[in-house]
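Any read-out appearing in this document is the output of simple, stated calculations on the displayed coordinates, not a laboratory observation. Please read all numbers here as calculations on a predicted model, not as lab measurements. Cβ sites come from the backbone with ideal geometry, for glycine too, and all protein chains shown count toward neighbours.
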Amino acid sequence: MSAPFKLTRIPSLKTVDAFRAHVSSLGIEIPCEDEIAGNDSPIGQPLTTLTVNGKTLGNRIALHPMEGWDGTADGGVTDPMRRRWRRFGESGAKLICGAEAMAVRPDGRANPNQLIINEANQAGLVELRDLLLAAHRDKYGTTDDLAMGFQLTHSGRFCRPNGKFTYEPRIAYRHPILDDKFKVQSDAAMWTDAEVEELIADYVRAARIAREVGADFVDLKHCHGYLLHEFLGAHTREGKFGGSFGNRTRILREIVAGIRAEGNEIDLAVRLSTFDMVPHRPDPELSTPGKLGPGIPEEHTTPYPYQFGVNPDDPTQIDLRETVAFVNLCGELGIKLLNTTAGSPYYTPHLQRPAAYPPSDGYQPAYDPLIDLARQIEVVRHLKAGLPEGMAIIASGLSYLQEYLPHVCQALLRDNWTDCVGLGRVVLSYPDILAAAMEQGGLEKRLICRTFSDCTTAPRKGLPSGCFPLDDFYAQSATAAELKTKKKAG
């Protein structure tokens with residue numbers, strides 16, 4: 001039995017040179033500048049290559065959708081949600097990529113408290129939008145250069161609309177590994193082509209509501225194993241929504257056509273898991289009671305005709321051929337923003353969110369998480385080099401950089417690896433981390449996300465998401481004590 005590797009933690013790297021040396025020792029490339037450049041930082045420069053709803057983005061900071069699992073039972077607005085949107089407005093980001101994922105229908109929720117975009121919740125969505133814009137305007141003076149989108153989703157295989165621990169999966173195709181993990185027991189869980197047509201109409205209706213509420217764009221979510229992403233990997237599905245690449249992308253094309261057929265000129269975005277791998281699990285030989293082992297691939301056979309951005313001959317490796325084709329299709333459809341990510345938090349969390357500490361349903365890192373971070377940004381660099389005209393790309397997976405987040409973001413932008421730098425869980429504890437870094441020339445270390453993964457473990461335990469270690473709103477709540485108890489109980 002081999003011992004797990006010893007992780008070099010980012011806070012132990014005291015200088016930029018030490019960070020660079022560690023990156024070099026891993027045999028990867030992560031560009032990193034010497035200093036935070038203040039007013040001259042490319043992070044603070046406008047994005048002049050496109051407009052979103054007629055707006056030129058005032059800087060290169062984007063926020064990813066961040067659900068709190070804390071809406072009402074009807075998918076409506078709550079005070080914790082209002083607080084989160086207000087903090088997003090205070091972040092300084094000029095591109096808000098959804099704030100949080102919104103289910104296009106009640107049965108599409110990943111949890112019973114997910115926000116739903118429908119007529120009944122329309123007034124609440126207006127309130128959230130206004131709160132975010134007001135908070136941004138109060139702190140930064142204007143919202144004329146800020147674009148805010150709504151992310152539209154159906155959770156598919158991961159649906160739990162009625163009970164926090166009750167799966168009600170709706171799938172694109174049968175999967176030899178994920179079916180058992182997510183309680184798929186028969187073909188009855190699979191969408192018929194007629195049901196898919198109804199779903200397309202739900203997306204079109206949701207886009208209409210987004211326009212009426214005042215969103216600048218809608219993000220048609222194709223990531224993390226949720227339904228539209230799963231359809232991209234439906235190689236084994238029969239009928240007009242499976243098999244060929246043209247069939248597997250038909251849903252996107254028909255949603256866009258339906259939106260435009262209504263005369264809805266709202267701008268469009270896609271968040272895409274650009275690559276994936278066969279699902280992973282903790283290594284049982286290195287797992288002990290109360291401690292997960294490092295992640296290893298699930299047993300599988302080849303060829304492997306499942307998932308998207310996966311090498312079918314070796315699904316522990318990525319394959320970008322269809323990813324490039326999909327990005328080109330997005331360009332043909334007039335989609336302006338490509339927000340990148342990778343894998344899924346449900347079965348390949350190491351790809352999606354490199355972290356030092358795993359969530360409760362994850363596994364320990366099998367190697368330095370910077371390797372997965374480097375893979376994500378290298379894929380963005382590759383896609384950026386051939387990006388269709390009129391489209392901008394957003395990098396992801398950056399929270400693990402911690403102290404060196406501003407230094408790397410500057411380098412990625414200055415070297416033209418990406419158009420915008422996207423932030424996720426790091427803003428739960430430190431909403432204005434990049435804006436503050438440019439203003440102050442440094443970071444408040446007590447606020448930096450250390451990737452403890454409690455923001456994911458809490459929902460896995462049936463609790464709201466938030467930064468329990470560093471955000472006093474959550475750290476001093478009764479929920480924090482409940483989370484601690486549930487974590488201790490395993």
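Descriptive notes on the structure:
- All conditions but one from (1) within 24 Å of the chain's Cα centre (by Cα); (2) under 30 Å from Ala261 (Cβ atoms); (3) of a type in the set (A, V, I, L, M) apply to Ala194; the one that does not is (1).
- Any hit, segment 441-454, residues being crowded, with 24+ Cβ neighbours inside 10 Å and out of contact with any helix residue (DSSP H, G or I) (no Cβ under 6 Å at 6 or more places or on another chain): yes
- Residue in segment 272-292 that is under 24 Å from Leu199 (Cα atoms), crowded, with 22+ Cβ neighbours inside 10 Å and either charged (D, E, K, R) or in contact with an Asp or Glu (Cβ under 9 Å, 6 or more places away or on another chain) (or both) present: no
- Qualifying position, being of a type in the set (S, T, N, Q) and in contact with a His (Cβ under 7 Å, 6 or more places away or on another chain), among Thr8, Thr56: Thr8
- Among the residues of segment 87-123, those identified as closer than 24 Å to Ser155 by Cα, of a type in the set (Gly, Ala, Ser) and crowded, with 22+ Cβ neighbours inside 10 Å are Gly98, Ala99, Ala101, Ala103, Gly108, Ala110.
- Here Asp361 meets each of (1) in a loop (DSSP other than H, G, I, E, B); (2) under 24 Å from His382 (Cβ atoms); (3) under 21 Å from the mean Cα position of the chain (by Cα) with one exception, condition (2).
- Residues being outside any loop (DSSP other than H, G, I, E, B) and aromatic (Phe, Trp, Tyr) - total across segment 150-174: 2
- Restricting Ala189, Ala172, Ala215, Ala206 to residues that are under 30 Å from Ala435 (Cβ atoms) and aliphatic (A, V, I, L, M) narrows the list to Ala215.
- Single condition Arg160 does not satisfy, out of (1) in contact with a Leu (Cβ under 8 Å, 6 or more places away or on another chain); (2) farther than 24 Å from Val52 by Cα; (3) of a type outside the set (Asp, Glu): (1)
- Looking only at residues in segment 459-485 that are touching a residue at least 60 places away in the same chain (Cβ under 8 Å) and not aromatic (Phe, Trp, Tyr), the one that is surrounded by the fewest Cβ atoms within 10 Å (Cβ to Cβ) is Gly462.
- Just one of the numbered conditions (1) in contact with a Phe, Trp or Tyr (Cβ under 9 Å, 6 or more places away or on another chain); (2) on the phi > 0 side of the Ramachandran plot is not true of Ser287: (2).
- Taking the criterion of being small (Gly, Ala, Ser) and either assigned to a loop (DSSP other than H, G, I, E, B) or under 18 Å from Ser344 (Cβ atoms) (or both), the residues of segment 266-305 that qualify are Ser273, Ser287, Gly290, Gly293, Gly295.
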